1. Taking segment 158-210 as the search range and keeping residues that are of a type in the set (K, R) and assigned to a loop (DSSP other than H, G, I, E, B), which one is nearest to the chain's Cα centre (by Cα)?
2. Residues S98, S102: which one is loosely packed, with under 15 Cβ neighbours inside 10 Å and either at pLDDT below 95 or not in a loop (DSSP other than H, G, I, E, B) (or both)?
3. Given R132, R170, which one is charged (D, E, K, R) and surrounded by fewer than 14 Cβ atoms within 10 Å (Cβ to Cβ)?
4. Residue by residue through segment 108-127, note down the ones that are under 13 Å from the mean Cα position of the chain (by Cα) and among the aliphatic types (A, V, I, L, M).
5. Residue under question is Y227, and the condition is that it be out of contact with any Lys or Arg (no Cβ under 6 Å at 6 or more places or on another chain), at pLDDT below 90 and either basic (K, R) or not in a loop (DSSP other than H, G, I, E, B) (or both); does it hold?
6. Name the residues in segment 25-68 that are acidic (D, E), crowded, with 19+ Cβ neighbours inside 10 Å and within 19 Å of L9 (Cα to Cα), would you?
7. Using beta carbons and a limit of 6 Å, which pairs, at least six apart or on different chains, have the first residue in segment 123-152 and more than 23 Å from A234 (Cα to Cα) and the second one polar (S, T, N, Q)?
8. Go through (1) surrounded by 15 or more Cβ atoms within 10 Å (Cβ to Cβ); (2) modelled with pLDDT of 95 or more for Y181 and report which single condition fails.
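The values are calculated or read from the model by the stated rules, or taken from the named source; none is laboratory data. Since the structure is predicted, the reported quantities are computational estimates derived from the model, not experimental observations. Glycine also receives a Cβ, built like all others from the backbone with ideal geometry; neighbour counts cover every protein chain displayed.
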Amino acid sequence: MQKLNRQELVSIVLPTYNEHENIVDAIHHIIRQVGDPVEVIVVDDDSPDETYRIVAEMEDERVKVIRRISTRGLASAINRGIIETRGEIIGWMDADLSMPASLLPIMIEKLKDHDIVIGSRYAEGGRDARSRLRVAASRMINGLATFVLGYGIKDYDSGFLVMRRQVLDRVTLMPTGYGSYFVEFIYACCKKGLKVLEVPYIFNDREKGVSKSAPSFRQFLLAGMAYGFRIFIARLRKVD
């Protein structure tokens, strides 16, 4: 395993849609916690609240914003952001302040001994502090993924990680879906023999703005079926 050189550029991708209330704080927290050299890549899906404009007006050379006009979707936004990164260490997280930037230095440090480090709600010491319905949905998805896919991963749909760029030489992120892309990516990494570590944290619900994933009962069922389908597809798919 490579020795971590903190002089390496760290690139953090933030996919956004209507995050004007949180985006500046999110970027400032990342830059302050990670320290230079760092870059933040914001990929905005043409937010009606003009999140992209707020980022552009920051005029910080460490921050880049990409406004997507005709393309939508969380996984594809992250994939686009990864393409734009220059760092040897790459990560992504939500922009709504629910995932603590203060965990990033710990996660980056753990790359000394691992290829990928996940911010985990369900590893020992972590907690999901959202509404009961959302926690129940996530617990159900992760329980199924852990049972079907294995490898001891507790938070298969975390959406919060850092990794070395070399990971992408062996595993391709599939740019479709909302959270199931993460299940497939982490499973493929494990199957390739890459070293994956989970670092626990407390996942709090957003304080500002409206969640894009808060489910109604119907959405809860549809999302659960979609996740279940992709979990089994991931298990059956051949990893080259």
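1. Result: R206.
2. Working: S98 fails: loosely packed, with under 15 Cβ neighbours inside 10 Å.
From the options S98, S102, the qualifying one is S102.
3. Details: R170 fails: surrounded by fewer than 14 Cβ atoms within 10 Å (Cβ to Cβ).
So the residue among R132, R170 that is charged (D, E, K, R) and surrounded by fewer than 14 Cβ atoms within 10 Å (Cβ to Cβ) is R132.
4. Within segment 108-127, I116, V117, I118 meet the criteria.
5. Considered against the rule, which asks whether it is out of contact with any Lys or Arg (no Cβ under 6 Å at 6 or more places or on another chain), at pLDDT below 90 and either basic (K, R) or not in a loop (DSSP other than H, G, I, E, B) (or both), Y227 comes out as yes.
6. E39
7. G126/S120; A129/N204
8. Y181 satisfies every listed condition except (2).
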